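*Asks:* Have a look at this one before I ask anything.
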Amino acid sequence: MSKEKYIIESKDVHLYYGKNEALKGVSLDFKPKEITALIGPSGCGKSTYLRTLNRMNDLIPDVTITGNITFENQDIYSPKMDTVELRKKVGMVFQQPNPFPFSVFENVAYGLRIAGMKDKKKIEEIVEISLKKAAVWEDVKDKLHKNALSLSGGQQQRVCIARVLAIEPAVILLDEPTSALDPVSSGKIERMLMDLKEDYTMIMVTHNMQQASRISDNTAFFLNGKLIEFGETRQIFTNPRKKETEDYISGRFG
């Protein structure tokens, strides 16, 4: 782990889809081994901002990004940056569980094989450790060679998290990871994320205020493409400095 105070720093980030400005000068920094929740109404720029942090927006045509984003003091938008390496270090978990249509084992081993790992025993070891960290080993240890799509939604999402963990990221980006799941599965994933915080930095978009207040250390409130307020979660939820934040959190918004 690098020694700097922040693992990711972003300064004055603007993002345009064509001529439409979706992010309006966002500056936000993230300390290692904390969970930061990004909250705000639909279409306010949370997920768009999240995707700038591992260059997922590169995959969308006609996107322009200005400003500066560094990961471990490296400019991630530098022409020298290897985006494959970046996305290994800054992994992504999506809103809908998206396991590949093959076995649970091969889903988690996928990144290791892509990286050229051949040692069967080592792969088996990492797959098991990753599934345990993702709190799904007990559910799937007898189904490792079954198609991952045969699992429940909550199990699929935890297998997707294990797939990210297997390649040893430093940061995990989570785009509403529990919004497609039932409350029991959501609770399991929340508990797992709290456990993972000892080893990983996590940045999570959520629409669920209770979830943000339960599991995050810090909260950032977005509105109309701008970062309105950022601070410790307790302060944001109990004593927000901006009226817009207070209105949103208290449900008076919109």
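The values are calculated or read from the model by the stated rules, or taken from the named source; none is laboratory data. Keep in mind the model is a prediction, meaning the values are calculated, not measured. Positions of Cβ are generated from backbone atoms using ideal geometry, with glycine treated the same way; all protein chains shown enter the neighbour counts.
*Asks:* For the condition of a type outside the set (Gly, Ala, Ser), under 14 Å from the mean Cα position of the chain (by Cα) and on the phi < 0 side of the Ramachandran plot, what is the one hit in Leu28, Leu50?
*Replies:* Going through Leu28, Leu50 in turn, just one is of a type outside the set (Gly, Ala, Ser), under 14 Å from the mean Cα position of the chain (by Cα) and on the phi < 0 side of the Ramachandran plot: Leu50.
*Asks:* Quick one: is Ile161 under 20 Å from Val108 (Cβ atoms) and surrounded by 22 or more Cβ atoms within 10 Å (Cβ to Cβ)? Step through it out loud before you land on a result.
*Replies:* Working: under 20 Å from Val108 (Cβ atoms): yes; surrounded by 22 or more Cβ atoms within 10 Å (Cβ to Cβ): yes.
The answer is yes for Ile161.
*Asks:* Continuing with this model, one more query. Can you find a residue that is among the aliphatic types (A, V, I, L, M) and within 16 Å of the chain's Cα centre (by Cα) anywhere in region 3-20?
*Replies:* There is at least one residue in region 3-20 that is among the aliphatic types (A, V, I, L, M) and within 16 Å of the chain's Cα centre (by Cα).
*Asks:* Okay, moving on. Can you tell me which of (1) over 14 Å from Lys88 (Cβ atoms); (2) part of a helix (DSSP H, G or I) is the one Ser130 doesn't meet?
*Replies:* Exception for Ser130: condition (1).
*Asks:* A further question on this structure: Identify, please: which residue in region 104-134 is of a type in the set (Gly, Ala, Ser), under 20 Å from Glu85 (Cβ atoms) and in contact (Cβ under 8 Å) with a residue 12 or more places away in the chain and is, among those, surrounded by the most Cβ atoms within 10 Å (Cβ to Cβ)?
*Replies:* Ser130
*Asks:* Can you tell me which residue is farthest from Met117 (Cα to Cα) among those in region 169-214 that are charged (D, E, K, R) and either free of Cβ contacts under 8 Å to residues at least 40 places away in the same chain or not in a loop (DSSP other than H, G, I, E, B) (or both)?
*Replies:* By that ranking, first place goes to Arg214.
*Asks:* Are any residues in region 215-227 in a loop (DSSP other than H, G, I, E, B) and either of a type outside the set (S, T, N, Q) or surrounded by 21 or more Cβ atoms within 10 Å (Cβ to Cβ) (or both), and if so, which ones?
*Replies:* Ser216, Asp217, Gly225 - these are the residues of region 215-227 that are in a loop (DSSP other than H, G, I, E, B) and either of a type outside the set (S, T, N, Q) or surrounded by 21 or more Cβ atoms within 10 Å (Cβ to Cβ) (or both).
*Asks:* Is it the case, given these coordinates, that Phe253 is modelled with pLDDT under 95 and of a type in the set (A, V, I, L, M, F, W, C)? Give the derivation first.
*Replies:* Values: modelled with pLDDT under 95: yes; of a type in the set (A, V, I, L, M, F, W, C): yes.
Answer is yes for this residue.
*Asks:* May I pose another question? Given Ile35, Ile60, which one is farther than 15 Å from Leu173 by Cα and in contact with a strand residue (DSSP E or B) (Cβ under 9 Å, 6 or more places away or on another chain)?
*Replies:* Checking each option against the conditions leaves just Ile60.
*Asks:* Find all pairs meeting these conditions: Cβ atoms under 9 angstrom apart; at least six residues apart or on different chains; first residue within region 81-99 and free of Cβ contacts under 8 Å to residues at least 60 places away in the same chain; second residue of a type in the set (Asp, Glu).
*Replies:* What qualifies is Met81/Asp75; Thr83/Asp58.
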